[in-house]
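The values are calculated or read from the model by the stated rules, or taken from the named source; none is laboratory data. Note that the structure is a prediction, hence the values are computed from the model and not measured. With ideal geometry, Cβ positions are generated from the backbone for all residues, glycine too; neighbour counts draw on all protein chains shown. Heavy atoms of the whole protein, side chains included, go into the accessibility calculation; ligands, DNA and RNA do not. Shrake-Rupley method; radii C 1.70, N 1.55, O 1.52, S 1.80 Å.
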Amino acid sequence: YNGACTNECPDFYYVDTASFQCKKCNIACETCTGPKEYQCTTCNIRGGYSSSGSGKCVRQICFKGEYMNNADNKCYKCSPRCGSCNSGEDDQCIDCKTGYVKSIIDNKCYACSEYDSKLRPPLEDSDDCSEICGDGYNMGKLECDDGNKNSGDGCSSECRIEYGYECQGGNSTHPDKCINKIKPTLSSFKIFGNHTMMLYFSKPVQLQVPYTKKLIDFSISSVQNDIQFTVSLNNKLQGKFSSISFSLSLKGKVVNEELILSITKSGAFIDKDNNTLDAQIIAAKLPKSLALISSNSAFADQAAAA
């Protein structure tokens, strides 16, 4: 045995009388008289084998990665992807080897790299596969994943929800959908020397209700000076717009007055994400250089019709 003479062979070996060498027993045997499983004199208990009562040693307990075949009471290897299994088929995995994760649809184990594709099935909760930011699937470990790594669309390049956004709906089969929840506001109000006024919104909006002169109200900040004015709408408010143009007619002397613009109805203007503009007030100082003209007209008919 091992190149030396011995009186007897150690456990797991038997004497081959033809060659006078110690040769390995069958894996089921601890001691044996020959290489066959039915030639065991004692069973390999440490390997999970015990006597079947018919002169054979059989496995009663299978190792991890094996399953017991009840037809012959033998242990067979699971599918290479299974950690443990009920049988050798790919869809009989009980759990998966490290680096694989089990689908809740077909019960098969998939390599983490296979889940980069758009055809992957839903997964069980698992730490074996790391999240991949930007692949359009959210396993629950990222704040969001909308299918790209572009910042500015609600889900940042690091898959974090950006300020003012709400992201939801992402799972192991669908990306998150991010919606901007920031309401539009009046960003500025300017009066130019050619009697044109511009009202600017923080983002494009559209009207939810028909435009009337009561929707946007104008007033002068001071009653000290007798200033009369009229305002008319320069453009029809159709579709989406980021600003509104008005024409201003004045009668009187401008000292230090402001023209105050008021949005009187909340919800009359909405953005593309259905965020509503609240009732707001904004003011602009009347330029002293503004050429004063006399006008008695009210809002233009086109403003009321817009």
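For the range 146-203, give me each residue that is of a type in the set (S, T, N, Q) and part of a strand (DSSP E or B). If the condition is that a residue be of a type in the set (S, T, N, Q) and part of a strand (DSSP E or B), then 168, 180, 187, 188, 196, 202 are the ones that fit.
When the range 110-156 is filtered for residues that are open to solvent by 50 Å² or more (accessible area, probe 1.4 Å), more than 20 Å from residue 181 (Cβ to Cβ) and modelled with pLDDT of 85 or more, only 149 remains. For the range 55-86, the set of residues classified as under 17 Å from residue 110 (Cα atoms) and polar (S, T, N, Q) consists of 79, 84, listed by residue number.
Within the range 1-28, restricting attention to residues that are modelled with pLDDT of 90 or more and within 18 Å of residue 50 (Cα to Cα), the residue that is surrounded by the most Cβ atoms within 10 Å (Cβ to Cβ) is 25. For the range 51-70, the tally of residues that are of a type in the set (Gly, Ala, Ser) and at pLDDT 80 or above stands at 2.
Within the range 6-33, the set of residues being hydrophobic (A, V, I, L, M, F, W, C) and touching a Gly at 6+ places or on another chain (Cβ under 7 Å) comprises 27 only. The residues of the range 165-205 that are under 30 Å from residue 259 (Cβ atoms), open to solvent by 60 Å² or more (accessible area, probe 1.4 Å) and of a type outside the set (A, V, I, L, M), listed by number, are 183, 187, 190, 192, 194, 200, 202, 204. Residue by residue through the range 32-53, note down the ones that are closer than 23 Å to residue 21 by Cβ, of a type in the set (D, E, K, R) and surrounded by fewer than 17 Cβ atoms within 10 Å (Cβ to Cβ). Scanning the range 32-53 gives a single hit, 36. Going by the conditions given, is residue 256 open to solvent by 20 Å² or more (accessible area, probe 1.4 Å) and not aromatic (Phe, Trp, Tyr)? Yes; evaluated as a whole, the condition is true for this residue.
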